[in-house]
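Take a look at the structure set out below.
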Amino acid sequence: MNHQGGWELIKNTWQSWLQHRGFFFLLAFGWMLPLLVYLMIWSAAASEGSLTGLSQDTLAGYYLVLVLVNQLTYATTNWTVGDNIRMGQISRWLIQPMSPLYHALSSEIAGKVVFMLFSVPVTAVLALIFRPQFNLSWQQSLLFLPSIVLAWALRFFWGYWLALLAFWATRADSLLALQDTMIFLLGGHLAPIRLLPNWMQSLAKILPFRYMSAFPVEILTGFLDKNEIFSGLLIQLGWTITAYLLYRLVWIRGVRHYEAVGG
């Protein structure tokens, strides 16, 4: 496998995305808006008292961190995988001396850099307006790092294996929309997990969608105690390994099934 070629591809893609940063800034702003709407809704609900222990300031901290975590973990490249398979673009990648996964990773890395150029300063301004409250400790900060890396890897590989179903189905993209809906409901976007009904909290703790988005936020904002963090990290790691194995299985079987006609 040619890792040097993969690194050059990542650098070229990053430079290409920077040339069109205006479009991607608008995209990042569009992703922020729903979370800011829910921040204002829950802040209004907590204006006369805390909601299950969550004050306005705490909710502000939760949603502002979620804005950044959502953009760091959202895998935009998965939406183009199906088109690349249907249009035969993947044929060229298969004969290159590097893994086709580098094409997805190059867009992922480029996207994260460009989105953060917009999202970090905007979130900093929002923090001056909403004045969030954080009770950070160095232990939480350290445990946040593996959780955010695993959240990205889980969300990326879970979406990637779903997108690879395009080897057999023409509209596999609809499964990515279903994944986003589940993250909205059980990934802490609609509301922090502790504000959901008990049966939804139970589902959120078992299924992978909380660990793609809300879990790192809950660590950094102090929602979880030590036992909850370590048990959550184990579940998150287990789902990430499962997602990676599913990606490998679907990829190997998909390439064997794949046929292309024409030049």
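The values are calculated or read from the model by the stated rules, or taken from the named source; none is laboratory data. Keep in mind the model is a prediction, meaning the values are calculated, not measured. As a convention, Cβ positions derive from the backbone with ideal geometry for all residues, glycine included, and neighbour counts pool all protein chains shown. When the accessible area is computed, the model is the full protein with side chains, heavy atoms only, and any ligands, DNA or RNA have been set aside. Shrake-Rupley method; radii C 1.70, N 1.55, O 1.52, S 1.80 Å.
Restricting attention to the stretch 35-51, report how many residues are hydroxyl-bearing (Ser, Thr, Tyr), within 23 Å of residue 69 (Cα to Cα) and open to solvent by 50 Å² or more (accessible area, probe 1.4 Å). Give the derivation first.
Looking only at the stretch 35-51, we keep the residues that are hydroxyl-bearing (Ser, Thr, Tyr), and these are 38, 43, 47, 50.
Then drop every residue that is not within 23 Å of residue 69 (Cα to Cα), which leaves 38, 43.
Applying the additional criterion that residues be open to solvent by 50 Å² or more (accessible area, probe 1.4 Å) yields 38.
Residues meeting the conditions: 1.
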### Among the candidates 13, 76, 80, 58, residue that is among the hydroxyl-bearing types (Ser, Thr, Tyr) and in a loop (DSSP other than H, G, I, E, B)
76
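Within the stretch 204-225, work out how many residues are open to solvent by 70 Å² or more (accessible area, probe 1.4 Å) and either within 18 Å of residue 155 (Cα to Cα) or in contact (Cβ under 8 Å) with a residue 60 or more places away in the chain (or both).
We begin by selecting, within the stretch 204-225, every residue open to solvent by 70 Å² or more (accessible area, probe 1.4 Å); these are 205-206, 225.
With the extra rule that they be either within 18 Å of residue 155 (Cα to Cα) or in contact (Cβ under 8 Å) with a residue 60 or more places away in the chain (or both), the set shrinks to 205-206.
So the answer is 2.
Kindly indicate the residue of the stretch 83-93 that is of a type outside the set (Asp, Glu) and part of a helix (DSSP H, G or I) and also nearest to residue 25 (Cα to Cα) among those meeting that condition.
Initially, the stretch 83-93 is screened for residues of a type outside the set (Asp, Glu), giving 84-93.
If we keep only those that are part of a helix (DSSP H, G or I) as well, we get 84-86, 89-93.
On the way: 84: 24, 85: 28, 86: 29, 89: 27, 90: 28, 91: 32, 92: 30, 93: 29 Å.
Filtering first and then ranking leaves 84.
Taking the criterion of being among the β-branched types (Val, Ile, Thr) and modelled with pLDDT of 95 or more, would at least one residue in the stretch 159-178 satisfy it?
Let us first name the residues in the stretch 159-178 that are among the β-branched types (Val, Ile, Thr), namely 170.
After this cut, where a residue has to be modelled with pLDDT of 95 or more as well, the list is none.
Looking for residues that are among the β-branched types (Val, Ile, Thr) and modelled with pLDDT of 95 or more, one finds none in the stretch 159-178, hence no.
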### Query
Which of (1) out of contact with any helix residue (DSSP H, G or I) (no Cβ under 7 Å at 6 or more places or on another chain); (2) in a helix (DSSP H, G or I) does residue 96 not meet, given it meets every other one?
(2)
### Query
What number of residues in the stretch 178-228 are closer than 22 Å to residue 161 by Cα and part of a loop (DSSP other than H, G, I, E, B)?
4
### Query
Scanning the stretch 21-30 for residues that are in contact (Cβ under 8 Å) with a residue 60 or more places away in the chain and of a type outside the set (A, V, I, L, M), which turns out surrounded by the most Cβ atoms within 10 Å (Cβ to Cβ)?
24
### Task
Could you please find all residues in the stretch 162-193 being in contact (Cβ under 8 Å) with a residue 40 or more places away in the chain, buried (at least 17 other Cβ atoms within 10 Å of the Cβ) and more than 24 Å from residue 51 (Cα to Cα)?
162, 163, 164, 165, 166, 167, 172, 173, 176
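Residues are listed down the side, and each one gets a yes or a no for (1) in a helix (DSSP H, G or I); (2) of a type in the set (Gly, Ala, Ser); (3) crowded, with 20+ Cβ neighbours inside 10 Å; (4) on the phi > 0 side of the Ramachandran plot:
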site: 33; (1), (2), (3), (4): yes, no, no, no
site: 63; (1), (2), (3), (4): yes, no, yes, no
site: 72; (1), (2), (3), (4): yes, no, no, no
site: 110; (1), (2), (3), (4): yes, yes, yes, no
site: 126; (1), (2), (3), (4): yes, no, no, no
